[in-house]
Amino acid sequence: MPELPEVETVKRTLNELIVGKQIEQVTVRLPRIIQRPDDIHAFAMELAGHHVTGVERRGKFLRILLDGLVLVSHLRMEGRYGLYDRGEPVEKHTHVIFHFTDGTELRYKDVRQFGTMHLFNSGEDLISAPLYKLGIEPLDEAFTAEALRDAVGSRATSIKAALLNQAYIVGIGNIYVDESLFRASIHPAQAAKSLSMDQISRLHRAIVDTLSESVAAGGSSVKSYVNGQGQSGSFQHQLQIYGRKAEPCIRCGTAVEKTVVAGRGTHYCPSCQPVPTM
Ligand SMILES: [Zn+2]
């Protein structure tokens, strides 16, 4: 599943590819991708004539700004965008096509069909489902060690479960949680509320560094993720703990272990991330 760095990469790519283009018409080939409005003809009618003015991100959602409208798009497991010329063959699993007046088309492809699109008037999307309950943005300037403490520091759950909860902090999924906890030398099952301020500070730095480095590398291509231009990210080659079960820890040489925390496969080093003493 794409996480924050991958969606951030798609956002940046789409900003380069589609800003300024005007939608002529929209073809919806799989109605259930469109969650709002209920009627796919209304969806297409509303979008016709609008210009793309920018592409933003909130958590793992893309916000495509269209002078007066906002299209909120979630890629879920395997959704991806590509820009094509009109007339190029439409590939299998292409569910929504935005036809631009300049003869190009933005096509949304999704093998698993779990992706969603919600169309709002400007100003409505951030105060409506699915965006309104989202937690703090870890790449924002407002994300400080104190902000991380306020978001997760009183939770009774494991720190891993707290970091995965999109209502507390957005965009960090299984891969980046494992990476951040390894860098901060914190055991994933430690209770969030038992973290010291020193641990919170290390974790804050680790989250920012891990996400920033991944964005710089274009995200990870652990499964089938590609960015808006069909290019793969390369951060998977820089992962320090995720996917390294039984390999020597890059810091101390101890064999990396894999267990289950918060219901998710979890990689950690038993020496660098000792079980917390309660
Ligand atoms: Zn280690």
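Brief remarks on what is shown
- For the criterion of being of a type outside the set (K, R), assigned to a strand (DSSP E or B), within 18 Å of the chain's Cα centre (by Cα) and surrounded by fewer than 18 Cβ atoms within 10 Å (Cβ to Cβ), E56 passes.
- For region 66-105, the set of residues classified as over 19 Å from E8 (Cα atoms) and part of a strand (DSSP E or B) consists of L69, Y84, D85, T94, H95, V96, I97, F98, H99, F100, T104, E105, listed by residue number.
- Within region 174-204, the set of residues being among the small types (G, A, S) and in a helix (DSSP H, G or I) comprises S180, A192, S194, S201.
- When restricted to residues that are modelled with pLDDT under 95 and crowded, with 18+ Cβ neighbours inside 10 Å, region 75-99 contains 7.
- Flag for V7 being in contact (Cβ under 8 Å) with a residue 40 or more places away in the chain and assigned to a helix (DSSP H, G or I): yes
- Among residues of region 188-199, those that are touching a residue at least 40 places away in the same chain (Cβ under 8 Å), of a type outside the set (S, T, Y) and surrounded by fewer than 20 Cβ atoms within 10 Å (Cβ to Cβ), counted: 3
- Number of the condition not met by I241 [criteria: (1) modelled with pLDDT of 95 or more; (2) loosely packed, with under 14 Cβ neighbours inside 10 Å; (3) closer than 23 Å to L4 by Cα]: (2)
- Residue within region 15-29 that is closer than 23 Å to K133 by Cα and buried (at least 20 other Cβ atoms within 10 Å of the Cβ) present: no
- Long-range neighbours under 6 Å by Cβ, at least six apart or interchain, first residue near the ligand (Cβ under 8 Å from one of its atoms) within region 250-270, second among the aliphatic types (A, V, I, L, M) and part of a loop (DSSP other than H, G, I, E, B): C269/V256
- Every test in (1) within 25 Å of A206 (Cα to Cα); (2) β-branched (V, I, T); (3) outside the structural domain of T259 (by TED's automatic domain parsing) is passed by T104 save one, and that test is (1).
- Answer from E46, E78, E88 - the residue that is in contact with a Phe, Trp or Tyr (Cβ under 8 Å, 6 or more places away or on another chain) and acidic (D, E): E78
The values are calculated or read from the model by the stated rules, or taken from the named source; none is laboratory data. Predicted model, so just to flag it, every value in this text is computed and none were measured. Glycine also receives a Cβ, built like all others from the backbone with ideal geometry; neighbour counts cover every protein chain displayed.
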